[in-house]
């Protein structure tokens with residue numbers, strides 16, 4: 001039996017319960033891990049509340065796709081993985097099939113990546129969702145080149161902070177958008193070339209001033225909703241507006257119509273485009289692992305909670321007060 005977070009109905013953080021559940025043995029293509037730390041992501045709050053792109057298929061349901069720990073046992077016919085290895089999980093599976101909010105969990109072998117030497121469990125649980133999203137958006141989909149500019153909406157999120165580091169590593173200028181002045185200094189320290197406070201500053205004017213009137217080659221938007229119309233106005237010629245979240249909770253118009261049908265590239269994006277493609281994942285792993293080893297990439301952890309505090313951790317996640325990743329630790 002192992003401590004496991006489950007929920008029996010859709011709702012707020014309070015629907016989650018911590019129970020003793022039989023973990024079992026890994027089957028073909030699976031690995032059982034001892035979980036030492038869990039990275040929290042917005043997707044889990046959305047899944048729990050019934051607002052995620054994948055609905056909950058059955059109850060009781062589990063949660064979580066990003067963790068760091070140690071391999072305990074491997075299923076049959078798996079090469080290259082063995083008990084005792086320090087690992088992290090890549091979030092490339094559905095929460096309907098697996099969940100890592102637990103002291104021990106079974107996950108697909110394809111989700112296992114080695115944890116770089118010297119990277120602790122807390123930091124190891126704060127890497128892959130953020131950096132796969134950021135790398136995939138800027139490099140694989142956005143195809144940004146040195147000298148380009150990226151505008152990051154909701155820049156104080158773990159993905160936004162990862163994107164700041166990825167941008168600086170590839171020679172791209174990152175401009176961070178944040179709603180209030182409270183996070184401005186933290187974003188500048190995190191590597192933003194400029195920070196624009198959207199509640200009090202003219203975003204469009206500031207972006208064009210910063211880019212010499214050109215606009216941004218990529219706008220990475222986690223908010224969506226009516227604000228995409230203004231964001232579309234700052235996209236450079238042949239640039240792209242990439243929507244990867246819907247924090248606004250409001251309907252999202254197609255801005256090309258409201259703006260008079262300019263030649264505008266706009267598309268949605270999820271981290272799964274990178275995590276479920278063997279070729280893209282191989283390139284992303286090489287980029288992130290080398291960045292972690294050199295220190296160019298440093299996962300930002302805002303706060304940690306214990307597994308028994310999972311409800312409080314989700315309440316904090318939904319408060320949007322954090323700058324960086326929220327990590328839940330597991331004692332054994």
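Summary of computed values
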{"read-out": "Rounded Å value of the spacing that divides the Cα centres of segment 13-46 and segment 83-158", "value": "16 Å"}
{"read-out": "Exposure proxy order (Cβ contacts within 10 Å, fewest to most) of 205, 221, 302", "value": "205, 302, 221"}
{"read-out": "Spin-label model distance (nm) - residue 209 vs residue 312, 7 Å beyond Cα toward Cβ", "value": "4.3 nm"}
{"read-out": "Pairwise label distance in nanometres, residue 179 with residue 238, each label 7 Å out on the Cα-Cβ vector", "value": "3.7 nm"}
{"read-out": "P(r) histogram, all alpha-carbon pairs of segment 202-311 included - 10 Å bins from 0, percent", "value": "12, 28, 31, 23, 5, 0"}
{"read-out": "Convex hull of Cα atoms in segment 1-125, direction-averaged projection (nm²)", "value": "7.2 nm²"}
{"read-out": "Calculated over the chain: convex hull of Cα atoms, volume per residue (Å³)", "value": "128 Å³"}
{"read-out": "Sequence of 145, 242, 218 once ranked by neighbouring C-beta atoms within 10 Å, starting from the fewest", "value": "145, 242, 218"}
{"read-out": "Computed FRET value (nearest 0.05) for residue 286 with residue 250, which takes r as the C-beta separation and R₀ as 41 Å", "value": "0.60"}
{"read-out": "Set of segment 213-239 residues, backbone N closer than 20 Å to the point 7 Å along the Cα-Cβ line of residue 267", "value": "216-225, 228-229, 231-239"}
{"read-out": "Base-10 log of normalised Debye intensity for segment 129-272 (one unit scatterer per alpha-carbon) at q = 0.11 Å⁻¹", "value": "-0.34"}
{"read-out": "Residues 204, 266, 326, sorted so that the one with the fewest Cβ neighbours within 10 Å comes first", "value": "204, 266, 326"}
{"read-out": "Spin-label pair residue 54/residue 78, simplified geometry with 7 Å Cα→Cβ offset, distance in nm", "value": "1.8 nm"}
{"read-out": "Calculated [θ] (222 nm, deg cm²/dmol) that DSSP helices of n ≥ 4 give over the chain, each run adding -39,500 (n - 2.57)", "value": "-7000 deg cm²/dmol"}
{"read-out": "Share, in percent, of DSSP beta bridges within segment 129-272 that are antiparallel, nearest 5", "value": "0 percent"}
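Laboratory data are not the source of any read-out in this text; all were calculated from the coordinates shown. The structure displayed is predicted, hence computed values, not measured ones. So basically every Cβ, Gly included, is an ideal-geometry build from the backbone, and we count neighbours across all protein chains shown.
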